[in-house]
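The values are calculated or read from the model by the stated rules, or taken from the named source; none is laboratory data. Source: prediction; values computed, not measured. Please note: Cβ atoms are built from the backbone with ideal geometry, for glycine as well, and neighbour counts cover all protein chains shown. Areas reflect the complete protein model, heavy atoms only, side chains present, ligands, DNA and RNA absent. Shrake-Rupley method; radii C 1.70, N 1.55, O 1.52, S 1.80 Å.
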Amino acid sequence: MAKMRLSLFMWEMSLAIILFSSDVQTEASQSQSVYFLPEFALSPQGSFLEDTTGEQFLTFRYDDQASRTTRSDEDRDIGWDAWGTWSDCSRTCGGGASYSLRRCLNGGNCDGRNIRYRTCSNRDCPVEAGDFRAQQCSAHNDVKYQGHTYEWVPVTHDPTAPCALKCQARGKSLVVELAPKVLDGTRCKTDSLDMCISGICQEVGCDRQLGSHAKEDNCGVCAGDGSTCRLVRGQTPSHVSPEESVKTVIEVPLGSRSMRITAKGPNAILLESHTLQGHKEEHSFSSPGQYIIENTTVDFQRGSDRQTLRAHGPLTADFIFKVKYVSARDTLVQFTFYQPIRYQWRETDFFPCTVTCGGGYQLNSAECTDIRFNRVLPDHHCRNYPENKKPKPKLKECNMDPCPESDGFKEVMPYDHFQPLPRWEHNPWTLCSVSCGGGSQERSVMCVEEDVHGQISQVEEWKCTYSPRPEVQQSCNTFDCPQWMAMEWSQCTVTCGRGLRYRVVLCIDHRGQHTGGCNAGLKPHIKEDCLVPVACFKPQEKPPVEAKLPWLKQAHELEEPRAASEEPT
């Protein structure tokens with residue numbers, strides 16, 4: 001049974017190749033009315049062994065020794081040979097696929113797959129190339145189907161078989177599967193980056209990588225965080241009248257996305273577009289459908305009392321919406337859209353490599369850009385938006401080939417012996433501007449580079465932008481300055497009435513230690529008057545009385561001067 005399936009598959013492949021060859025030859029003989037790129041399906045050169053995966057992946061015997069890379073110990077342990085080189089891309093533009101093969105060294109008993117894929121040629125195709133699926137359908141225009149030729153157009157989305165080439169005869173209901181598989185790199189559906197590879201729809205993220213889950217944010221940035229735009233929404237009533245028949249209600253700037261304008265009421269909606277080149281044009285909407293305005297698709301729908309305009313964006317011009325008077329009843333306009341932040345950070349190209357050989361590095365940076373006019377501005381314009389964060393610089397290796405005079409040191413020298421990455425060096429801090437109370441001190445920094453011989457030299461600062469720049473200013477001596485501290489007052493020097501009292505005043509630092517340095521002019525006083533609220537006692541004076549004779553005599557005797565005598569009395 002396995003041989004029968006293999007024979008049937010090889011017969012189908014041979015038939016497909018014959019049909020494809022005849023298509024190309026027939027097309028070459030016709031006029032250049034159909035633009036068909038010389039793309040091709042992935043078909044590894046080798047002989048088929050067997051279908052081992054059960055998932056439409058084939059195992060191949062691949063004998064091109066030159067395409068092999070060095071096997072790792074891990075590959076050797078699990079029985080696989082090293083992966084081969086990547087094949088040519090299946091497309092020249094628009095996103096294709098490339099494959100790489102490896103062979104099993106254990107007689108076909110290896111776990112895993114022997115083929116892997118990756119995306120390639122992810123740049124957009126020129127406009128005149130057209131749709132890739134449409135090219136494949138049109139290649140069958142000159143091949144008769146049931147005795148007739150048709151002009152085939154693609155069936156853009158068939159959820160049951162997204163990777164089959166289903167085409168419809170133009171102007172007819174005839175739908176035919178012209179091939180079981182589209183060419184590798186064909187989109188599974190028009191509004192997705194997912195691509196068909198070997199007839200299976202593979203998930204592709206917005207970063208154009210297979211198996212990636214990266215999605216665009218509301219601002220249109222792949223894997224972004226929504227920081228480059230702002231949601232604008234609201235509503236406004238429009239009071240138009242015969243005297244003022246047209247009124248502007250909302251302006252949606254260039255670059256906006258996910259626009260939705262809803263007008264509830266009888267009055268008509270007008271759209272005025274303004275391009276950066278100064279072109280101005282007014283548009284009206286008479287019937288539902290899609291309108292192309294300045295290369296932007298606008299979908300217009302009308303209900304009984306409602307008009308809705310939608311545009312996925314990004315808008316390629318400023319859209320100014322107006323309300324035109326039809327009835328005296330007001331029209332309520334509701335709007336929502338994501339408006340881009342005008343000043344955004346954009347990454348620069350990588351700077352030149354630091355060396356021409358022997359292993360160097362190169363960095364990129366980011367610059368503040370006015371996205372409206374695509375011009376670079378000073379950084380402070382972008383820093384006005386807190387959500388707009390400057391991307392970190394990226395670093396990558398370059399010119400890794402050994403230098404001619406190095407005699408191949410690249411292969412034997414450890415990585416950390418290559419030219420070291422630039423680094424920041426700084427000088428010592430200056431003295432603090434004040435001794436206490438909070439001051440500042442500064443230091444100078446420089447970006448230096450050390451060559452393989454250990455010589456250090458100063459280089460441009462952009463070379464160190466991959467690492468944080470050291471601080472060049474800091475606070476110092478933030479502790480409090482010494483202050484006067486007064487002890488408690490002593491007791492008053494008297495027990496009654498007015499007296500003095502004293503206290504000790506010390507200069508204390510922030511650690512509570514007795515020190516100097518306090519301002520003498522601010523020293524508190526150490527002495528002051530005090531009052532004891534107690535009355536002091538004094539003997540009351542009495543009027544004199546007449547003395548009696550003995551007393552008077554005695555008093556006179558006491559007042560007489562005594563003669564000096566050495567004899568004791």
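Some observations on this one:
- Residue count for region 478-519 satisfying the condition of being open to solvent by less than 80 Å² (accessible area, probe 1.4 Å) and not hydrophobic (A, V, I, L, M, F, W, C): 11.
- In region 310-328, residue surrounded by the fewest Cβ atoms within 10 Å (Cβ to Cβ) [restricted to those that are within 31 Å of the chain's Cα centre (by Cα), hydrophobic (A, V, I, L, M, F, W, C) and in a strand (DSSP E or B)]: Ile320
- Region 154-163, subset hydrophobic (A, V, I, L, M, F, W, C) and crowded, with 17+ Cβ neighbours inside 10 Å, residue farthest from the chain's Cα centre (by Cα): Val155
- Neighbours by Cβ (under 8 Å, 6+ apart or cross-chain): first from region 464-482, touching a residue at least 60 places away in the same chain (Cβ under 8 Å); second basic (Lys, Arg) and open to solvent by 80 Å² or more (accessible area, probe 1.4 Å): Tyr466/Lys392; Tyr466/Lys394
- Check on Val355, under 25 Å from Leu315 (Cβ atoms) and of a type in the set (A, V, I, L, M): no
- When Gln277 is tested against (1) part of a strand (DSSP E or B); (2) open to solvent by 60 Å² or more (accessible area, probe 1.4 Å); (3) not aliphatic (A, V, I, L, M), only condition (1) is not met.
- Filtering Gly185, Gly171 for residues that are at positive phi and under 42 Å from the mean Cα position of the chain (by Cα) leaves a single hit, Gly185.
- So Leu254, is it of a type in the set (A, V, I, L, M, F, W, C), in a strand (DSSP E or B), closer than 18 Å to Gln339 by Cβ and in contact with an Asp or Glu (Cβ under 8 Å, 6 or more places away or on another chain): no
- Elements of type strands (runs of 3 or more DSSP E) in region 89-164, at least 3 residues being within 25 Å of Arg208 (Cβ to Cβ): 96-101, 115-120
- When residues in region 431-454 are screened for being under 30 Å from Ile508 (Cβ atoms), open to solvent by 60 Å² or more (accessible area, probe 1.4 Å) and in contact with a Ser or Thr (Cβ under 9 Å, 6 or more places away or on another chain), 1 of them pass.
- Subset of region 135-153 that is of a type in the set (A, V, I, L, M, F, W, C) and open to solvent by 30 Å² or more (accessible area, probe 1.4 Å) - its residue that is farthest from Met195 (Cα to Cα): Val143
- One residue stands out in region 338-364 among those that are open to solvent by less than 30 Å² (accessible area, probe 1.4 Å) and part of a loop (DSSP other than H, G, I, E, B): the one that is modelled with the highest pLDDT, namely Ile341.
- Within region 495-505, not a single residue is assigned to a loop (DSSP other than H, G, I, E, B), on the phi > 0 side of the Ramachandran plot, in contact with a Cys (Cβ under 9 Å, 6 or more places away or on another chain) and not aromatic (Phe, Trp, Tyr).
- In region 229-266, residue farthest from Arg346 (Cα to Cα) [restricted to those that are polar (S, T, N, Q) and open to solvent by less than 30 Å² (accessible area, probe 1.4 Å)]: Ser238
- When the residues of region 165-206 are filtered to those that are among the charged types (D, E, K, R) and touching a strand residue (DSSP E or B) at 6+ places or on another chain (Cβ under 8 Å), the one that is surrounded by the most Cβ atoms within 10 Å (Cβ to Cβ) is Asp184.
- Comparison of Ser490, Ser467 shows that the only residue that is of a type in the set (Ser, Thr, Tyr) and either at pLDDT below 85 or under 31 Å from the mean Cα position of the chain (by Cα) (or both) is Ser467.
- Enumeration of residues in region 156-170 that are more than 23 Å from Thr119 (Cα to Cα) and at pLDDT 90 or above: Lys166, Cys167, Gln168, Ala169, Arg170
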